[in-house]
Amino acid sequence: MAFNVLIVDDSAVMRAMIGRTLKLSGLPIASILEAPNGEVGLRIIHDEWVDLVLLDVNMPVMNGEEMLRHLRADERTRDLAVIIVSTEGSGTRLAALQELGAAIVHKPFPPETLRDTILRVTGVTDVEYYGTTAATGDHLDF
Amino acid sequence: MSNTTEQLLRQATISTFENLAFLFLEVDGAMAADEAPLDAAVAVDFHGPMRGRLVLRTSSNLLPVIASNMMGEDEAQHMPMQRDALGEIANVVCGNLLPMLVGVEAVFRLDAPHWRTDTADARSGDAPVSRVSFDVEDGRAQAELYVFTGRDWLDAARLAHATA
C-alpha cells in the first residue's frame, strides 16, 4: 500500500521539511499534497483520496483542532488517520486532540519518530514496510 | 530566575537546532566564529498568561545552511525561504520553551514569526529576561526571551524548580 499524504501547515518551510522527511523515510508514499490551513486541507480531502493527514495546530483561517473536528464529524472521514505535528505544549489542548483520535508528534522531531508514528497509526506491518527479504529485524537508518 | 530560565532557553534552542536543522551549537566556544556578526534576526510574539517575545539572531552566513539542512538545497536557494526557515526555528524554540517555563496547563498563542530588519532590543527600554549565545559552524546564534507582562508566572516557576 502506498499512501497519499496531506501536510497541513501554515509554514511552507515546515511543509517542505516534512515532505523531505517522508521521501527520505523509505515509507511507501504515492503522493504528497499540501495545504496552508485547515480550510484548504478540507477542500483537498473532498477532492482527492487522502490516506493520512499530518496536521499542525496553530494556523490562520482554520486551525488544526477545528479541521480535526470537521473530519471526525463527517462519516466519510471519521476514521481518517491523523497525526498532529506541532509545537503545541498545552496538556489540555493535546488531550483534546488525542480524544479526537489523533496521534501526536512534537516539534522538533527526529525523522524516525515521524516514520514510526506513521507506521503505528496506519497499521503498516514490518513486512509491508521493509519487504519480505529484509523483514528479519534489520534496522533501517535514514 | 535567570539560571533556570537560561538553562531552559539554552536547552530548547539546542534541541531545536539539532533536530530541525541538524546543527550542533557550541555553548562556550572559543572559535573564530566569536567574531561573526549577529546580522539576521527573527522574532516570535506570544500571548497567554505571559506576554512577550522570543528573538533569535544568527550570522547571515548561516541562513543558507539552516535552510538547506531543513528543506534540501533546491528549496533553500531563495532568501525568503531562508528567512522562513529561521522563523520556523524561532517558532519551535518558543513553542517548546513556554511550557517548560510555566507548565503544560498554560495555553499560549504564538504569532507568526516576523523578520527583524534591525538588531536592536525588542522594545525600547526592555531588557531580555534571559539571553543565550552559541557558536555554530562559521557563525553565531543567540536567543533572547522578553517578558512584557505576567512575570509573576516566571517567579512561580522559579520557585517550583527550586523546591523540586
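Observations on the structure shown:
- Candidates B:GLN11, B:GLN142, B:GLN77: whichever shows maximal mean-square fluctuation once chain B is modelled as a Gaussian network with Cα springs under 10 Å: B:GLN77
- Spacing of the two label points (7 Å from each Cα toward its C-beta) at A:ASP51 and A:THR92, in nm: 3.8
- Cα long-axis angle, helix A:38-47 against chain A (0 to 90 degrees, to the nearest 10): 60
- Among the GluC sites (Glu not before Pro) in region A:2-98, those located in a DSSP loop and surrounded by at most 16 other Cβ atoms within 10 Å of their own Cβ are A:GLU48, A:GLU75.
- Of A:ASP56, A:ASP116, A:ASP47, the residue with the greatest mean-square motion in the GNM of chain A, using alpha carbon springs below 10 Å, is A:ASP47.
- Between 0 and 90°, nearest 10: helix A:111-122 axis offset from chain A longest Cα axis: 80
- Dipole moment magnitude, nearest 20 debye, chain A about Cα centre, only Lys, Arg, Asp, Glu C-beta charged: 120
- The angle between the Cα long axis of helix B:79-102 and the longest principal axis of the Cα atoms of chain B comes to about 20 degrees, rounded to the nearest 10.
- Cα shape, region A:1-130, gyration tensor, a/c 1.5 rule: rounded
Read-outs throughout are calculated quantities, based only on the coordinates presented, and are distinct from any laboratory measurement. These figures come from a predicted structure and were not determined experimentally. All Cβ positions, even for glycine, are placed from backbone atoms using ideal geometry, and neighbour counts span all protein chains on display.
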